[in-house]
Amino acid sequence: MAPDDLEPYADEDGLGVDAAAVRLVVEIVSPGKRNEDRVRKRREYAHAGIPVYVIVGDHDAEGTVTVLTEPRPDKGAWLGVLRVPYGTDAEILKGPATGFVGGEAITGPKRA
C-alpha cells in the first residue's frame, strides 16, 4: 500500500518507488523462500521504516499470520509482533491499516 501519487517517491532510475512511500506490505510466503521472507525482508522492511508488514505463510504445521508494527529502523527490528495460527483473527493495532482484521476469510479455517 502506497500513496496514489508516487511521482514524488520515484527512485533515481524511475523503475520503482522509494521505500519511504510504502505504508503497508502484505506478503504470502513462497515455498522455498522462507528464509528470505521471514528473515531478510523482515529486517530490510524494518530498516526502511515501513509501518506495517504482514506475513502469511505455512511456516509451521498450522500456518500463521504475523503482523509486524512499530519498526525500529536503527535496529532492523519490530517492537509490535503478533503471530496467530490460520483461522484466528489478526488485527492490525498500529499504523495506517489500524483496525483491519485478517482472519478465516483470508487464511481459511484453523488447521487441526
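Remarks
- None of 45, 53 is assigned to a strand (DSSP E or B) and either touching a strand residue (DSSP E or B) at 6+ places or on another chain (Cβ under 7 Å) or loosely packed, with under 14 Cβ neighbours inside 10 Å (or both) except 53.
- Complete set of residues in the range 71-93 that are loosely packed, with under 15 Cβ neighbours inside 10 Å, part of a loop (DSSP other than H, G, I, E, B) and either basic (Lys, Arg) or touching a Pro at 6+ places or on another chain (Cβ under 8 Å) (or both): 75
- Count of residues meeting criterion [assigned to a loop (DSSP other than H, G, I, E, B), surrounded by fewer than 16 Cβ atoms within 10 Å (Cβ to Cβ) and either at pLDDT 75 or above or in contact with a helix residue (DSSP H, G or I) (Cβ under 9 Å, 6 or more places away or on another chain) (or both)] in the range 17-32: 3
The values are calculated or read from the model by the stated rules, or taken from the named source; none is laboratory data. This is a predicted model, so every value here is computed, not measured. Methodologically, a virtual Cβ is constructed for each residue, glycine included, from the backbone with ideal geometry; neighbour enumeration extends over all protein chains shown.
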